[in-house]
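J.: Structure below; questions to follow.
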Amino acid sequence: MSFFKRLKENISNKTESVTKQFRDGLEKTRKGFVEKVSDLMIRRKKIDEEFYEELEEILIGADVGINTVMKLIDELRVEVKKQKIENAMELQPILSQKLMELLRGDNDNKMNVNTDGITVILFVGVNGVGKTTTIGKMAYHFKQEGKKVLLAAGDTFRAGAIEQLEVWGQRAGVDVIKQQAGSDPAAVMFDAIQAAKQRQADVLICDTAGRLQNKSNLMDELNKIFRVIQREIPGAPHEVLMVLDATTGQNALSQAKLFGEKSGVTGLVLTKLDGTAKGGIVVAIRQELNIPVKWVGLGEKMEDLQPFDSEQFVHALFAGMIQESESEEESDEDSK
């Protein structure tokens, strides 16, 4: 069975509304990246050095990342020789499959859940990446699953951060544990954990300050938060999720490197994927950091934050090619 056919069958077992969210959310990337690849394959029937150079440019332009692009091109060269491919169009499913393998990596992108008590999720990330919005949407997601959720307003320094989290808490229908602006974030976490225990919450989602310019203070503060959480709930936090803005491309990658090294990040959330034609950044981040992308933001609505799914991602990007290959297969069958 062809790769595209197998991918379509796997997707057919998944929720249709989620498939649509991925397809709609990745429309800009599909137009800016995959359509250029298709155009290249139609224009240049022959696979030569010029073909590889142009493909390289398209991939780098989609923010797939130089190291990853070199690896991908090398692997395509091997496949072309091995399978004796002459027509560029035959590379489409191979490129799609390689991208999916790169996205999967070795790490599991499932959330770590505490099966014996409260699951604590700690959010980190610089200001302006959509951290508070993401927390609100995730709270909504878990609430829809029937879980009791609490939020901890641990970003006590940024003006309006506590109020912003409260607005999202109201939208999601969950309570926010807070203190006054300027309070010690570790003290807020302590209060939030006590409240979560008393109210028998399933999930506690904690916001933290996003000040990168004063990094040593920020890391000290995070370490203090970690110590309080670990003392009150052994084994917590179960997830440390870093929020990155996909529209900033390579800048998001350098942010993740800065933050990820020291704050024990277990997973990434990529917001605003619907707002960029450079969705290839997901591949670059996955490859260069070896931290799994666990969630992606595909739009403005509450339900537009979705657990990351490499099959949905590749299917959404290559939907047009999949339809074309199906039509070709059908016409081949008819002519037999």
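J.: List the number of the failed condition for ASP63; all other conditions in (1) part of a helix (DSSP H, G or I); (2) closer than 30 Å to GLU303 by Cα; (3) of a type in the set (D, E, K, R); (4) open to solvent by less than 60 Å² (accessible area, probe 1.4 Å) hold.
T.: Here ASP63 meets the rest and fails (1).
J.: State yes or no: is GLY117 outside any loop (DSSP other than H, G, I, E, B), small (Gly, Ala, Ser) and farther than 22 Å from ASN223 by Cα?
T.: no
J.: Of all residues in the stretch 189-216 being modelled with pLDDT under 90 and part of a helix (DSSP H, G or I), which is most open to solvent (accessible area, probe 1.4 Å)?
T.: Only one residue tops the list, namely SER216.
J.: Looking only at the stretch 122-171, which residues are in contact with a strand residue (DSSP E or B) (Cβ under 9 Å, 6 or more places away or on another chain), part of a loop (DSSP other than H, G, I, E, B) and closer than 21 Å to THR247 by Cβ?
T.: Within the stretch 122-171, GLY125, VAL126, GLY128, VAL129, GLY130 qualify.
J.: While we're on this one: For GLU261, indicate whether it is acidic (Asp, Glu), over 21 Å from ALA62 (Cβ atoms), modelled with pLDDT under 80 and part of a helix (DSSP H, G or I).
T.: Considered against the rule, which asks whether it is acidic (Asp, Glu), over 21 Å from ALA62 (Cβ atoms), modelled with pLDDT under 80 and part of a helix (DSSP H, G or I), GLU261 comes out as yes.
J.: Now for a different question. So, SER325, is that one of a type in the set (Ser, Thr, Tyr) and modelled with pLDDT of 85 or more or not?
T.: no
J.: Please find, among MET242, MET219, the residue that is at negative phi and either open to solvent by 10 Å² or more (accessible area, probe 1.4 Å) or over 20 Å from the mean Cα position of the chain (by Cα) (or both).
T.: Sole residue among the options that is at negative phi and either open to solvent by 10 Å² or more (accessible area, probe 1.4 Å) or over 20 Å from the mean Cα position of the chain (by Cα) (or both): MET219.
J.: If you don't mind, there's one more thing I want to ask. For GLY65, which of the numbered conditions (1) more than 19 Å from PHE3 (Cβ to Cβ); (2) modelled with pLDDT of 90 or more fails to hold?
T.: (2)
J.: Another one. Taking interchain pairs and intrachain pairs at least six residues apart, which have beta carbon atoms under 6 angstrom, with the first residue in the stretch 111-129 and within 19 Å of LEU165 (Cβ to Cβ) and the second surrounded by fewer than 17 Cβ atoms within 10 Å (Cβ to Cβ) and of a type in the set (A, V, I, L, M)?
T.: Correct list of pairs: THR119/VAL113; VAL126/LEU212.
J.: Would you mind telling me which numbered condition in (1) aliphatic (A, V, I, L, M); (2) over 22 Å from GLU288 (Cβ atoms); (3) surrounded by 15 or more Cβ atoms within 10 Å (Cβ to Cβ) VAL113 fails?
T.: Evaluating VAL113 over (1) aliphatic (A, V, I, L, M); (2) over 22 Å from GLU288 (Cβ atoms); (3) surrounded by 15 or more Cβ atoms within 10 Å (Cβ to Cβ) leaves (3) as the failure.
J.: Among residues belonging to the stretch 148-178 that are in contact (Cβ under 8 Å) with a residue 12 or more places away in the chain and open to solvent by 70 Å² or more (accessible area, probe 1.4 Å), point out the one that is farthest from GLY210 (Cα to Cα).
T.: Ranking the candidates gives LYS148 first.
J.: Can you say whether VAL293 is open to solvent by less than 20 Å² (accessible area, probe 1.4 Å) and within 25 Å of ILE94 (Cα to Cα), as far as the supplied structure shows?
T.: So VAL293 passes the test.
J.: Could you check, for the stretch 44-54, whether at least one of its residues is modelled with pLDDT under 95, open to solvent by less than 70 Å² (accessible area, probe 1.4 Å), among the acidic types (Asp, Glu) and not in a helix (DSSP H, G or I)?
T.: Yes, some residue in the stretch 44-54 is modelled with pLDDT under 95, open to solvent by less than 70 Å² (accessible area, probe 1.4 Å), among the acidic types (Asp, Glu) and not in a helix (DSSP H, G or I).
J.: Could you tell me which of the residues LYS8, LYS20, LYS84 is assigned to a loop (DSSP other than H, G, I, E, B), open to solvent by 80 Å² or more (accessible area, probe 1.4 Å) and either within 21 Å of ALA316 (Cβ to Cβ) or not aliphatic (A, V, I, L, M) (or both)?
T.: Residue meeting the stated conditions: LYS84.
J.: Now for a separate question. Looking at THR68 and the list (1) part of a helix (DSSP H, G or I); (2) exposed (fewer than 13 other Cβ atoms within 10 Å of the Cβ); (3) not small (Gly, Ala, Ser), which single condition is not satisfied?
T.: (2)
J.: Which condition number in (1) within 25 Å of the chain's Cα centre (by Cα); (2) more than 17 Å from LEU99 (Cα to Cα) is the one that ILE73 fails?
T.: Here ILE73 clears every test but (2).
The values are calculated or read from the model by the stated rules, or taken from the named source; none is laboratory data. On a predicted model such as this, the values are computed, not experimentally measured, just so you know. A quick note on method: Cβ atoms are made from the backbone with ideal geometry, for glycine too, and the neighbour counts reach across all protein chains shown. Calculation scope for accessible area: heavy atoms of the full protein, side chains included, ligands and nucleic acids excluded. Shrake-Rupley method; radii C 1.70, N 1.55, O 1.52, S 1.80 Å.
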